[in-house]
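Participant: Here's a structure for you.
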Amino acid sequence: MATLAGVFVWDGQRIEEEELQRSAQEMKHMENISSLFQGDSQRLDPRAEQGEQPWEMIMDKKHFKLWRRPIEGTHLYQYRVFGSYTDVTPRQFFNVQLDTEYRKKWDSLVIKLDVIERDLATGSEVIHWVTHFPYPMYSRDYVYVRRYSVDQENNLMVLVSRAVEHPSVPEDPEYVRVRTYESQMVIRPHKTFDENGFDYLLTYSDNPQTVFPRYCLSWMVSSGMPDFLEKLHTAALKAKKLELEVRDYLAAKGLEGGEGKAPAAEPKGEGSRSPAQLEYA
């Protein structure tokens, strides 16, 4: 009813603390397995718990490993990347990933990327993203909520996103709306947030609603994901080298003061936002 009335209700839609914690636990699990089977990548099975579908390794490169596993009841896969970079700081990599304005410059596939609304209680944001797909497919558009967390005590950064519906972004006949989408990125600095070197864990799934067979879709995702990560890495290096202005999201979380927590909710109505708050979003 709220959607029909043109109002977005955050209850049940915002990214909760438990979702961030689950992603952090996944990273801890991967680190434990990596330590146990160091040097034997074929045995590195990023299975979260016993009884789950096993992960199949489909790519093993110097700086990252890529797995997939079928999503029960569908023709789709969930993907997981575990990798490292040593020539850029975690802060730079994280900020470049979050800065929507900068992404419009370095990601040539982006048609539109805008922050639609922000939840003052948690810092969750609703994003509208329109992206090119390989010819002859139509471009896809995503409406999703995202939230990030910076845990200074445990030396972790987490970004969680998933699809939502928002009344101010109706379907456009020019694009195919992707209604199933989830992404979790966890970054573990090798030392500190401002020294080069970190590990990252990316878990991803979506349903792009193509008519292509499963193996074709799997090939597109498995080749596209490493390409995106390398473009992201290159963009972080470029921002560092040229000292480009990229919003510092870690400072926005209060890290400069050593707190590392999201700001408290302001005494405004649900979904309220000001131009100043969205200046760099």
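The values are calculated or read from the model by the stated rules, or taken from the named source; none is laboratory data. On a predicted model such as this, the values are computed, not experimentally measured, just so you know. Using ideal geometry, Cβ is built from the backbone for each residue, glycine included, and neighbour counts are taken over all protein chains shown. Areas reflect the complete protein model, heavy atoms only, side chains present, ligands, DNA and RNA absent. Shrake-Rupley method; radii C 1.70, N 1.55, O 1.52, S 1.80 Å.
Participant: Once neighbouring chains are kept in place and the probe is 1.4 Å, which whole percent of the accessible area of segment 154-195 is contributed by carbon and sulfur?
Facilitator: Percent of accessible area from carbon and sulfur atoms in segment 154-195: 45.
Participant: List the relative contact order of segment 40-186 as a percent without decimals, with contacts defined as Cα pairs under 8 Å and 6+ residues apart.
Facilitator: With pairs under 8 Å counted, the relative contact order is 12 percent.
Participant: Cα-Cα over 18 Å: which of 105/241; 62/240; 61/231; 104/238; 65/238; 65/191?
Facilitator: Violating the 18 Å Cα-Cα cut-off are 62/240; 65/238; 65/191.
Participant: Also, quick follow-up: Using θ = phi - 60° and the Karplus form 6.51 cos²θ - 1.76 cosθ + 1.60, what ³J(HN,Hα) does each residue of segment 107-118 get, whole Hz, x for Gly and Pro?
Facilitator: Result, rounded to whole Hz: 9, 5, 7, 6, 9, 8, 7, 9, 7, 8, 7, 10.
Participant: What does the charge add up to near residue 169, with Lys and Arg as +1, Asp and Glu as -1, over the other residues with Cβ less than 11 Å from its Cβ?
Facilitator: Charge balance in the 11 Å sphere: -4.
Participant: In Å², and per residue, what accessible area does segment 57-201 have when probed at 1.4 Å with the other protein chains present?
Facilitator: Result: 42 Å² of accessible area for each residue.
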